[in-house]
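See below for the structure under consideration.
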Amino acid sequence: MGILELTLNGRRRADAVPDNLLLLDYLRNVVGLTGTKTGCDGGECGACTILVDNRPRLSCLTLAVSAMHHHVETVEGLSRDGTLSAAQRGFHERLGAQCGYCTPGFVMATVGLLRRNPDPSEDGIRVALGSNICRCTGYVKIIEAVKLAAALHADGLAP
Ligand code: FES
Ligand code: FES
């Protein structure tokens, strides 16, 4: 057991956590942020994708204590004053979600992509989302969603 100190969605916090607690379980069960989803629980589906210091990370393969003094972001931290971020609006307007279970992971992977590369090619989008699996959409709408997100970001909306 130790005290985990981190910045989560822009706010500093400290929590007592077991050394073997996964970041996914910390977010969902300790903090109560259930937007990050448990899918395969084994590093294969991307449903648990979050950002650590702006980089996408699979929270089901990450120990919570490894986030010590880092910046962690989840889908709950994206909107500002009720305004959706570019990635969220892209998925909403291009119907990039059906059941929606995979969507938070795709959205976070998209945010990570747009922060690295605000103007990604379609190939670049496919590579960036290559660790995320969707069982519903067939991916066409998801690619369109990310293209719209990039356009909205270019117009000034935060990714
Ligand atoms: S739940 Fe983490 S990759 Fe599937
Ligand atoms: S929208 Fe259902 S798994 Fe992707």
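Read the figures in this text as sums done on the coordinates, not as results from a lab. All values derive from a computational prediction rather than experimental measurement. Backbone-built Cβ (ideal geometry, glycine too); neighbour counts: all protein chains shown.
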May I ask you to say which residue of Ala109, Ala14, Ala97 is in contact with a strand residue (DSSP E or B) (Cβ under 8 Å, 6 or more places away or on another chain) and not in a strand (DSSP E or B)? Ala109
Boolean, Arg57 is among the charged types (D, E, K, R), surrounded by 14 or more Cβ atoms within 10 Å (Cβ to Cβ) and either assigned to a helix (DSSP H, G or I) or on the phi > 0 side of the Ramachandran plot (or both): no
Test: residue in region 67-90 that is basic (Lys, Arg), away from ligand 1 (no atom under 16 Å from the Cβ) and in a strand (DSSP E or B): yes
From the list Arg28, Arg57, Arg80, Arg13, pick out the single residue that is more than 16 Å from ligand 2 (Cβ to nearest atom) and closer than 19 Å to Leu113 by Cα. Arg57
Can you tell me how many residues in region 38-54 are within 14 Å of ligand 2 (Cβ to nearest atom) and within 10 Å of the chain's Cα centre (by Cα)? 4
Output for region 96-111, where each listed residue is in contact (Cβ under 8 Å) with a residue 40 or more places away in the chain and either buried (at least 23 other Cβ atoms within 10 Å of the Cβ) or within 12 Å of ligand 1 (Cβ to nearest atom) (or both): Gly96, Tyr101, Cys102, Pro104, Gly105, Phe106, Met108, Ala109, Thr110, Val111
